[in-house]
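K.L.:
Got a structure for you, questions after.
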Ligand SMILES: C[S@@+](CC[C@H](N)C(=O)[O-])C[C@H]1O[C@@H](n2cnc3c(N)ncnc32)[C@H](O)[C@@H]1O
C-alpha cells in the first residue's frame with residue numbers, strides 16, 4: 001500500500017542571485033541536496049549509492065551532517081563531474097548512465113540507501129530508470145525538478161516543459177515501490193536583470209534541455225516575461241519496498 005502525504009507540503013524558499021556568498025550556478029541544487037540529507041532518518045548507513053552524483057553535493061552534505069556511513073558509491077555519466085567528486089576509500093566514483101541497461105547490469109551491490117538529487121529529470125524513460133533503481137536497493141530518498149520549473153517562462157513562450165510533471169514522477173515511483181511519500185517545494189531565484197535571468201537558464205542544468213527558441217523569439221520572451229525571478233519546483237521522494 002502506498003503511504004502518501006495528503007498535503008504535499010509546499011514551501012517556498014527565495015534566493016537572490018547576487019547574494020554575497022553565491023558565485024556559481026548551483027544555488028538551488030545545493031539547497032535541495034541539503035534538504036534531502038536533512039530528511040534522512042537514521043544516524044548511520046552501510047553502503048550508499050548516489051545516482052547522478054555530480055561534483056559531490058550529497059557527499060559534502062553527508063560529511064557535514066551527523067550521519068555516518070561505511071561507503072558511498074557515486075555514479076554519474078559525466079567523466080568531468082566524476083573527476084571533481086571527492087574520491088577516497090569512503091567515496092568511490094563510477095561511470096554510470098541511468099538510461100542504459102548495461103550500467104545497471106554492472107552494479108553488483110545491493111545498497112542500504114539509494115540517493116539521487118537534481119539528476120533524474122534527465123532520465124529518458126523515467127518508469128524504466130526507477131524500476132532499475134528499485135532493484136539495487138529497497139530504500140530510496142531523492143529529489144527531482146518537475147515541469148513547473150520555469151513555469152511562467154513556458155507559459156509566456158507557449159511551450160511545454162521538456163521535463164516530467166510531479167504526477168508522472170509519482171506514478172513512476174508508485175509502480176516500483178510499495179511505500180512512497182512525496183513533498184513538493186518551490187523556490188524563487190531573483191535577478192537584477194532579464195539578461196542575467198535568461199543566461200542562468202542555459203547554465204543551470206536543471207531543466208533537462210530547454211527547447212531551442214530562435215533569437216527573435218528569445219528577444220520577445222525576454223521582453224514579455226513578467227517576473228524578475230525564476231521559478232523552480234522540486235519533488236522530494238521517499239520510497240521503500
Ligand atoms: C544538476 S546535476 C546534480 C548533481 C548532484 N547530484 C547535485 O545535487 O548537485 C545533474 C547530474 O546528473 C548527471 N546525469 C545526467 N544524465 C545522466 C545519466 N543519464 N546517467 C547518470 N548521470 C547523469 C549529470 O552529469 C550531472 O552530474
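Just so it is clear, none of the values below were taken in a lab; they were calculated from the coordinates. Owing to the predicted nature of the structure, the values given are computational and were not obtained by experimental measurement. Reconstructed Cβ throughout: ideal geometry from the backbone, glycine too, with neighbour counts over all protein chains shown.
K.L.:
For 185, 229, 215, which order do you get if you count the other beta carbons within 10 Å of each Cβ and list the fewest first?
P.N.:
215, 229, 185
K.L.:
Counting alpha carbon pairs within less than 8 Å and at least 6 residues apart, what relative contact order, in whole percent, applies to the chain?
P.N.:
25
K.L.:
Counting DSSP beta bridges in the chain, what percent are antiparallel, to the nearest 5?
P.N.:
Bridges in the chain are about 40 percent antiparallel.
K.L.:
What is the Cα centroid distance between region 93-113 and region 115-194, reported in whole angstrom?
P.N.:
When both Cα centres are located, 20 Å separates them.
K.L.:
Taking the Cβ of each residue in 144, 28, 169, 107 as the centre, tally the other Cβ atoms inside 10 Å and list the residues starting with the fewest.
P.N.:
In order of increasing Cβ crowding within 10 Å: 107, 28, 169, 144.
K.L.:
Moving on. For residue 89 and residue 44, FRET efficiency with R0 = 25 Å and r from the beta-carbon atoms, rounded to 0.05?
P.N.:
The computed FRET efficiency comes out at 0.90.
K.L.:
Further, regarding this structure: Fully extended, how many nm does the chain gain between residue 171 and residue 78 (0.36 nm per residue separation, minus their Cα-Cα distance)?
P.N.:
Taking residue 171 through residue 78 to full extension adds about 30.7 nm, to one decimal.
K.L.:
Based on C-alpha coordinates, I'd like the Rg and Dmax of region 138-241, in Å.
P.N.:
15.7, 50
K.L.:
Hey, another quick one. Using only alpha carbon pairs under 8 Å that are at least six residues apart, calculate the relative contact order of region 72-112 and give it in whole percent.
P.N.:
Worked out over region 72-112, it gives 38 percent.
K.L.:
Give me the percent relative contact order of region 63-190, please, defined on Cα pairs under 8 angstrom at least 6 residues apart.
P.N.:
This gives 18 percent for region 63-190.
K.L.:
Okay, next question. In whole Å, what three semi-axes, largest first, describe the equivalent ellipsoid of the chain built from its Cα gyration tensor (square root of 5 times each eigenvalue)?
P.N.:
Taking √(5λ) for each eigenvalue gives 30, 20, 18 Å, largest first.
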